[in-house]
Amino acid sequence: MEDLSSFASSYPQFCDPNKVRVPGYGTTPAVDGARPFELSAENLSAFRVQSPKDPATLPNMLKMGPEAVAFYVSFRLAPDRWGIYIREGALRALKEEYHRIIWRDLGKYADQNVDDVAEKVETTLVLDYLLAHTRVHFLVDRAAARWEAQAGAAKYAPYQATWYNAPPKPVLNPEDVGNLEEALANLEAFRQYINPTYADGVAKLVEGRLDERNVNEWKAFFIGGRFAVEMANVFSRQPAGWKDFGKFLNRKTSVGATNYVRIQYSYNPELLDRGQLELSKRLWGGVGEAPNLFKAEAPEFPNVYLL
């Protein structure tokens, strides 16, 4: 993995804990007792949430989005323990909410006990959301560090001070979104849910376990887009910035023979590119054309910890 742990000692002027913020929080939350969480296929397959449910999770998500469950701590603030932190009790609460949403629609199509499959599906969906979202915060932080080292001028802290709590205004275009970083982070996560290949992989987990007709209902729910519609509703209840991911989507509706209104989402590549360039411009903060930070070579995934 790229060594970013020395950045704080090499460039302390860009790492003032009184200025650098943790997305969604501001100051660094307590992370005592966190333990490493390996993202290997074997560990993910065997993982089961052990902590009891945190009942404050869903109300907190209305105030601070998925950061109520998982948050990113910069290498500027914790050189030896930087990365993504997941609150296990909050993870259970969010997973149970996913279970409620999925089984409200698919429970009647489970003619056999598939609790083990449901556990795997729900855990996968929740972790993929949280990790995709928080990874965007890492990409922004990393790009800023690279530009700061090149220019010798602060980028990250001034950008955060200006845009993390930007005054609200009507959002008509990507450039109007205040906390664009959170919007793009939620969009990155949501794009997985509308990806047919991803949805097909989720739905296939019940093949051979249920009657073929019921398997087809599971596929229709995930591949046909009903799950994505449910998640769009969940995301849209988050604060301004987080909920503005919808500004980068195309929304298509159609009416079936039984007057059922079908909604399908796809992302708009042009609007996404505009949003990425606008965020890069805000972070760049200097003269000249800002490079699109999302077009840089993809780094290895940050370390992940369970709290």
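Every number in this text was worked out from the coordinates using simple rules, so none of it is lab data. Being a predicted model, the structure only gives us computed values, none of them experimental. A quick note on method: Cβ atoms are made from the backbone with ideal geometry, for glycine too, and the neighbour counts reach across all protein chains shown.
Loop-resident chymotrypsin sites (Phe, Trp or Tyr not before Pro) (DSSP state other than H, G, I, E or B) in the range 13-60 with no more than 10 further Cβ atoms inside 10 Å of their Cβ are absent.
On the beta carbon distance between Glu289 and Asn250, with R0 = 22 Å, the FRET formula returns roughly 0.20.
Computed extension gain for Ala220 through Thr197, at 0.36 nm per residue and net of the alpha carbon distance, reaches 7.0 nm.
Listing Ile263, Ile86, Ile101 from fewest to most neighbouring C-beta atoms within 10 Å gives Ile263, Ile101, Ile86. Residues of the range 13-51 falling in the label zone of Lys63, defined by backbone nitrogen less than 19 Å from a point 7 Å along Cα to beta-carbon, are 22-31. Model label sites at Ser40 and Gln13, defined 7 Å from Cα along the beta-carbon direction, differ in position by 4.4 nm.
Averaging the sequence gap over all C-alpha pairs within less than 8 Å and six or more residues apart, then dividing by the number of residues, gives the range 7-302 a relative contact order of 18 percent.
For the chain, find the longest principal axis of its Cα atoms and tell me its angle to the long axis of helix 269-284, 0 to 90°, nearest 10. That helix lies at roughly 30 degrees to the long axis.
Do any trypsin sites (Lys or Arg not before Pro) in the range 122-222 lie in a DSSP loop with no more than 10 other beta carbon atoms within 10 Å, and if so, which?
Those that pass, being in a loop and sparsely packed, number zero.
Under 19 Å from a label point set 7 Å out along the Cα-to-Cβ vector of Arg48, the amide N atoms of the range 113-156 belong to 113-127. Potential lengthening of the chain between Arg274 and Arg213 amounts to 17.7 nm, from the contour at 0.36 nm per residue minus the alpha-carbon distance.
Looking at the chain, what % of the alpha carbon pairs are farther apart than 30 Å? Tail fraction, whole percent: 35.
Between 0 and 90 degrees, the angle of helix 88-106 with respect to the longest Cα principal axis of the chain falls at about 40 degrees.
For the chain, which longest stretch is free of loop sites, where a loop site is one of the GluC sites (Glu not before Pro) that DSSP puts outside H, G, I, E and B and that has at most 12 other Cβ atoms within 10 Å? Value returned for the longest uninterrupted segment is 39-206.
Could you please tell me the mean projected area of the C-alpha convex hull for the range 1-147, averaged over all directions and given in square nanometres to one decimal?
On the way: hull surface 41.3 nm².
Mean orientational projected area (the range 1-147, Cα hull): 10.3 nm².
Of the residues Met64, Met231, the one with the fewest other Cβ atoms within 10 Å heads the list, and the complete ranking is Met64, Met231.
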